Amino acid sequence: MVKERWNMMITGDKNQHYEQYLIKEFWRNQTNLKLLSLGSGSCSHELEFARHQQFDEIVCVDLAENRLQEAEATAKAEGLNNMKYICADIKDFDFIENYYDIVLFNSSLHHFQKVDDLLRDKIKPCIKPKGYLIINEFVGPSRLQFPKQQIEAINQALKLIDKANRQRFKTHLTKSKFRGSGLLRMIMADPSECIDSASIMPAIHKHFKTVEEKAYGGNILMNVLKDISHHFIVPNKDQERILNKLFDFEDHYIKTHASDFIFGIYEK
């Protein structure tokens, strides 16, 4: 239900993913497109694009070689030959000027530090004139240091869930309160997590022209459903009602607060 909600907010169709939306609305009549994905992981989104004839070259860059190998095996099994896999740190990647039609960040840009410098010095120059930057990203507070007002709202939303559906995954513990993440704990657990996420939107708006920008929340749902989402994978009627209450709560919240997650299409 959360994924259908995101699809509706991004594409207007609960059954249509953003990859299908982009093909249909932007690249239907395009050919020989070149796409660069930085922090591609297992390349699920890139594989989806590669299945369309519009794409001549899709370059996937990630530090995790095993995930790239998994993607390569999938592409080979499907007979896709328009993908390339590069296991490298971004500082070692050779950015070719005015080469790519599209640069994609799918849940990866928030792991990069000095976002403004990255977009100005590396990303913008490698995109062709009139080419696109596409993001599907967490753009909320750096290091997940949520403001007090948001933490209070998350705890209000948590009260909409009955105790049975707040039992944490694989434990007998009940989730009763969200306190946020300590800064030191964040740095120790994952040094790159949301390291400069608060700079993403200001930097994009500074260096690119906005074509479309879809806010799809996450401010409430991400932290309310963390550790208890397993209750709602195949929801019964009561659990559907709970989710819809949470959706309404978040919709109301993001009317007056910037969304923590954004899907955006930006032109060079």
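So what's the Cα pair-distance distribution over the range 142-268, bin width 5 Å, in %?
In whole percents, the pair-distance histogram is 2, 9, 17, 18, 19, 15, 10, 6, 3, 1, 0.
Each residue of the range 137-149 in order: what ³J(HN,Hα) in whole Hz does its phi give by Karplus 6.51 cos²θ - 1.76 cosθ + 1.60, θ = phi - 60°, with x for Gly and Pro?
Rounded to whole hertz, the list is 9, 7, 10, x, x, 4, 6, 6, 8, 5, x, 4, 4.
Can you quote the Å³ per residue value for the convex hull of the Cα atoms in the chain, rounded to an integer? Intermediate results must be reported in sequence, preceding the final value.
Working: hull volume 39.2 nm³, N = 268.
Residue-normalised Cα hull volume stands at 146 Å³.
Treating only the Cβ of Lys, Arg, Asp and Glu as charged (+1, +1, -1, -1), what charge dipole size does the chain show about its Cα centre? Round to the nearest 20 debye.
Values: 37 positive and 37 negative charges, 214 e Å.
It comes to approximately 1020 debye.
The range 16-71 to the range 183-233: how many Å between their Cα centroids?
22
Over 18 Å between Cα atoms: which of LYS24/LYS255; LYS24/LYS124; LYS122/LYS206; LYS3/LYS214 fall into that group?
In this structure, LYS24/LYS255; LYS24/LYS124 lie more than 18 Å apart at Cα.
Please determine, in degrees from 0 to 90 and to the nearest 10, the orientation of helix 2-11 with respect to the longest principal axis defined by the Cα atoms of the chain, where the helix direction is its Cα long axis.
50
Applying 1/(1 + (r/R0)^6) with R0 = 35 Å to the Cβ-Cβ distance of GLU152 and CYS87, what FRET efficiency is obtained, to the nearest 0.05? Walk me through the numbers on the way to the answer.
Numbers: r = 43 Å, r/R0 = 1.23.
For GLU152 and CYS87, the calculated efficiency is 0.20.
None of the figures in this text is laboratory data; all of them are computed from the coordinates on show. These numbers come from a predicted model, not from an experiment. Please note: Cβ atoms are built from the backbone with ideal geometry, for glycine as well, and neighbour counts cover all protein chains shown.
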